[in-house]
Amino acid sequence: MTGDKYTILKTVFGYTGFRRGQEEVIEAILAGRDVLAVMPTGAGKSLCYQIPALMLKGLTVVISPLISLMKDQVNALTSAGLKAAYLNSSLSSAEYTEVIHQAVEGTYTILYIAPERLLKADLRRITETRSIPLVVIDEAHCVSQWGHDFRPSYLQIAEFIGSFHQRPITAAFTATATLKVKEDILRALELREPFTITTGFDRENLYFEVQRPQDKFAALLQGLKTWKHKSGIVYCATRKTVEEVWQGLRDQGFAVTRYHAGLEDQERHENQDDFLYDRKTVMVATNAFGMGIDKSNVSFVIHYNMPKSIESYYQEAGRAGRDGEAADCILFYSGEDVWINQYLIKNTREEDEARIAHNLELLKAMTFYATGTECLRGRLRSYFGEQPPAYCGHCSNCHTQFEELDITLPAQKIISCVFRLKQRGRSFGKIMIIDILRGHKSEKIKAQGLDTLSTWGIMADMTVHRIRTILDYLIEKNYLVQEGREYPVVEASDTSGEIIFAKKRLTMMLPTEQTPQSLKSGERKREKRGKKQEPVKAGLESADEPDGSWTSYDNALFTNLKVLRNQFAEASKVPAYIIFTDASLRDMCRKRPINLTMFREVIGVGDVKNERYGPAFIALIREYTSQ
Ligand code: ADP
Ligand code: ZN
């Protein structure tokens with residue numbers, strides 16, 4: 001491949017400019033330096049090594065932990081006219097041998113390899129015959145035992161690199177790295193004075209929100225109404241919840257599919273494809289889904305349960321809006337999620353105490369995100385070591401009015417209730433305690449004589465939601481604890497006495513009550529997006545997506561282009577976004593190219609795509625505009 005990096009960017013990938021960090025990384029590699037690049041999901045890491053791979057002589061090897069990711073990357077490269085392949089366990093032995101053969105023959109520019117294969121003898125045939133100028137380690141945090149996806153086989157990478165006559169340039173990429181993980185990467189991969197870059201973690205097109213719904217499923221339905229036909233992922237903590245939510249949505253007539261480790265391989269595959277190919281718009285899944293899924297048009301990621309760490313959360317939420325379009329990341333918080341996670345962390349087979357303590361710390365930071373009142377984006381960014389402004393204006397906390405309220409009295413009432421129950425030798429979960437405080441007369445309460453407690457009904461004037469928020473806060477601050485084997489019950493802690501006996505004053509930031517948080521965000525978002533809107537041409541506003549797109553485009557044309565894109569995708573058996581991303585289609589709607597020179601200016605159109613797909617798309621656009 002000839003040409004400088006700008007020419008390749010345009011002619012191969014169809015882009016006109018580099019994104020933050022890309023150019024520096026490419027320069028460093030071309031200058032022969034090792035690299036450690038920490039860039040958020042969707043930032044465009046692939047290009048950082050694919051362009052040098054095209055400029056360096058020989059075969060670039062990319063070590064990647066995920067089969068689906070490799071397949072996707074190879075598809076994307078092939079559709080841009082490049083020669084690439086992968087070696088992993090999804091290949092039959094005949095296919096495997098053929099790829100090795102082709103690699104030895106010098107067919108490929110880039111070869112993706114699963115880490116488990118690195119030290120296999122047949123691989124040596126390639127490394128001994130081909131010149132390998134560059135080895136790339138994707139998802140490099142997998143090398144760290146402190147990261148969230150540790151892969152033992154990643155520890156073999158240094159040995160693999162050490163086995164070459166001439167040491168290749170080594171470039172490591174990851175989206176999530178705290179200082180500890182970064183140090184692990186440097187050490188375990190034996191990077192030599194690498195050029196290190198951490199581009200901002202901020203993803204401006206993502207809107208962050210935390211909700212505390214009474215009824216999560218109802219909140220989910222509410223959200224799906226706003227997103228209508230858009231693609232999105234609903235993450236649940238367990239297989240059981242996945243099943244329930246999936247079933248519920250199916251009953252409501254949504255085009256929904258599911259993914260978790262309990263399904264047969266084949267079904268998992270099919271479901272994943274249904275989602276990737278836009279046959280199903282909503283994916284309900286455990287965290288087993290998504291690593292390596294590059295689907296670009298994911299418009300929302302909902303966490304039905306709170307994940308175990310901010311690293312996991314940001315990685316999963318970050319699967320939204322990879323195409324740069326507006327997207328929503330919403331976390332449904334409930335105190336139970338904290339308890340369940342704590343329980344799982346403490347009851348793993350893991351013996352290592354330090355690891356357990358570490359995991360509990362990670363969970364604490366995540367809980368802090370979910371329950372805090374500060375800017376959510378700010379929280380995420382500062383977690384990853386940045387110094388963001390205190391206000392982003394594009395998250396639910398920035399949109400919510402908080403006021404500092406004295407909660408001394410309600411806290412005393414709640415804790416006394418727990419004490420009174422204790423005196424009767426009883427302990428209950430949150431729901432029951434709230435029912436008692438609110439003065440419910442359920443059968444269960446009457447049967448156990450709990451309506452004779454002095455604390456029965458002493459909080460009848462406060463909403464369930466608010467009592468719950470304060471109760472959660474008391475648990476978070478350790479004035480109460482949640483424990484239990486089968487289900488969580490609330491108990492007094494060492495410091496409960498400070499509140500009821502020492503009469504310690506407590507204050508808490510609470511949302512102003514008349515504007516429930518969960519209802520507000522939608523309106524605010526519209527306001528915010530409205531400002532960003534480009535001038536709208538008369539009659540072109542889409543009925544389908546009233547607030548989703550802040551740049552207007554002709555929706556009917558867009559739909560036609562999508563149909564054409566799908567035909568190409570089906571024909572070559574790749575997901576639609578491999579042919580063109582939604583961002584490319586929208587750009588076509590805006591530019592309305594009617595010849596190849598104009599088509600070439602569309603975002604994401606390089607030489608090969610211009611030639612391969614240009615004529616058909618131009619014909620469609622011409623026909624459409626002449627109507
Ligand atoms: P990640 O950093 O998560 O690996 P990718 O490499 O998959 O991100 O890139 C995300 C998306 O951004 C892809 O669709 C890619 O083609 C696109 N992209 C990458 N670099 C650029 C650029 N310079 N201009 C426009 N789009 C880009
Ligand atoms: Zn904010």
For the stretch 104-120, name all the residues that are outside any loop (DSSP other than H, G, I, E, B) and in contact (Cβ under 8 Å) with a residue 24 or more places away in the chain.
VAL104, ILE110, LEU111, TYR112, ILE113, PRO115, GLU116, ARG117
Take the residues in the stretch 186-211 that are of a type in the set (A, V, I, L, M) and within 16 Å of ligand 1 (Cβ to nearest atom), then tell me which one is modelled with the lowest pLDDT.
ILE197
Over the stretch 406-418, the set of residues surrounded by fewer than 17 Cβ atoms within 10 Å (Cβ to Cβ) and either within 16 Å of ligand 2 (Cβ to nearest atom) or not in a helix (DSSP H, G or I) (or both) is ASP406
Output for the stretch 284-327, where each listed residue is away from ligand 1 (no atom under 11 Å from the Cβ) and of a type in the set (Val, Ile, Thr):
VAL284, THR286, VAL298, VAL301, ILE302, ILE310
Would you be able to tell me the number of residues in the stretch 418-453 that are free of Cβ contacts under 8 Å to residues at least 40 places away in the same chain and either in contact with a Pro (Cβ under 8 Å, 6 or more places away or on another chain) or over 22 Å from THR495 (Cα atoms) (or both)?
20
Working only within the stretch 79-101, note down all residues that are among the β-branched types (Val, Ile, Thr) and either closer than 28 Å to PHE580 by Cα or assigned to a loop (DSSP other than H, G, I, E, B) (or both).
VAL99
Test: residue in the stretch 317-335 that is within 16 Å of ligand 2 (Cβ to nearest atom) and either basic (Lys, Arg) or assigned to a helix (DSSP H, G or I) (or both):
yes
By residue number, the members of the stretch 20-42 that are near ligand 1 (Cβ under 8 Å from one of its atoms) and in contact with a helix residue (DSSP H, G or I) (Cβ under 8 Å, 6 or more places away or on another chain) are GLN22, MET39, PRO40, THR41
Can you pull out every residue in the stretch 56-68 that is more than 27 Å from LEU380 (Cα to Cα), touching a Lys or Arg at 6+ places or on another chain (Cβ under 7 Å) and either within 14 Å of ligand 1 (Cβ to nearest atom) or of a type in the set (A, V, I, L, M, F, W, C) (or both)?
LEU59
Working only within the stretch 123-167, note down all residues that are over 11 Å from VAL61 (Cα atoms) and among the polar types (S, T, N, Q).
THR129, SER144, GLN145, SER153, GLN156, SER163, GLN166
Say we look at the stretch 1-27 and pick out the residues that are in contact with an Asp or Glu (Cβ under 8 Å, 6 or more places away or on another chain) and not in a loop (DSSP other than H, G, I, E, B); which of these is farthest from ALA84 (Cα to Cα)?
LYS5
Within the stretch 17-30, is there a residue that is over 27 Å from LEU186 (Cα atoms), surrounded by fewer than 21 Cβ atoms within 10 Å (Cβ to Cβ) and free of Cβ contacts under 8 Å to residues at least 40 places away in the same chain?
yes
Can you tell me which residue within the stretch 121-144, out of those that are outside any helix (DSSP H, G or I) and touching a Leu at 6+ places or on another chain (Cβ under 9 Å), is surrounded by the fewest Cβ atoms within 10 Å (Cβ to Cβ)?
SER131
Is it fair to say GLY606 is crowded, with 19+ Cβ neighbours inside 10 Å and modelled with pLDDT of 90 or more?
yes
Restrict the check to the stretch 248-261 and report whether at least one residue is farther than 30 Å from SER584 by Cβ and in contact with a Ser or Thr (Cβ under 8 Å, 6 or more places away or on another chain).
yes
In the stretch 66-89, anything crowded, with 22+ Cβ neighbours inside 10 Å and farther than 24 Å from GLU570 by Cβ is listed as LEU87
When residues of the stretch 270-312 are limited to those that are of a type in the set (Val, Ile, Thr) and under 13 Å from the mean Cα position of the chain (by Cα), the one nearest to GLN247 (Cα to Cα):
THR286
Can you find a residue in the stretch 136-156 that is more than 17 Å from ILE169 (Cα to Cα), at pLDDT below 90 and of a type in the set (Phe, Trp, Tyr)?
yes
Please go through the stretch 431-474 and give me each residue that is modelled with pLDDT under 90 and in contact with a strand residue (DSSP E or B) (Cβ under 9 Å, 6 or more places away or on another chain), ordered by number.
ARG466, THR469, TYR473
Within the stretch 424-473, can you find the residues that are in a loop (DSSP other than H, G, I, E, B) and β-branched (Val, Ile, Thr)?
THR455, ILE458, THR463
Picking from VAL242, VAL181, the residue that is closer than 22 Å to ASN305 by Cα and either modelled with pLDDT of 95 or more or touching a helix residue (DSSP H, G or I) at 6+ places or on another chain (Cβ under 7 Å) (or both) would be VAL242
Segments classed as strands (runs of 3 or more DSSP E), wholly inside the stretch 227-311, with at least 2 members that are closer than 17 Å to ASP323 by Cα
231-235, 298-303
Select from the stretch 371-388 the residues that are without any contact (Cβ under 8 Å) to a residue 24 or more places away in the chain and either within 16 Å of ligand 1 (Cβ to nearest atom) or not charged (D, E, K, R) (or both) and list them in ascending order.
CYS375, GLY378, SER382, GLN387
Exactly one of GLY372, GLY385 is surrounded by fewer than 17 Cβ atoms within 10 Å (Cβ to Cβ), within 12 Å of ligand 2 (Cβ to nearest atom) and outside the structural domain of GLY497 (by TED's automatic domain parsing), and that residue is GLY372
Quick check: is even one residue across the stretch 328-345 more than 16 Å from ligand 1 (Cβ to nearest atom), modelled with pLDDT of 90 or more, under 25 Å from VAL38 (Cβ atoms) and touching a helix residue (DSSP H, G or I) at 6+ places or on another chain (Cβ under 7 Å)?
yes
Which of the residues belonging to the stretch 475-484 are within 30 Å of the chain's Cα centre (by Cα), outside any loop (DSSP other than H, G, I, E, B) and not acidic (Asp, Glu)?
ILE475, GLN482
Looking only at the stretch 389-400, decide whether some residue is assigned to a loop (DSSP other than H, G, I, E, B), farther than 25 Å from SER496 by Cα, in contact (Cβ under 8 Å) with a residue 60 or more places away in the chain and within 16 Å of ligand 1 (Cβ to nearest atom).
no
Of the residues that make up the stretch 93-112, is at least one of a type in the set (Gly, Ala, Ser), closer than 30 Å to GLU361 by Cβ and surrounded by 14 or more Cβ atoms within 10 Å (Cβ to Cβ)?
no
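The values are calculated or read from the model by the stated rules, or taken from the named source; none is laboratory data. Not measured: the values here are computed from a predicted model. Every residue, glycine among them, receives a Cβ derived from its backbone with ideal geometry; neighbour counts consider all protein chains shown.
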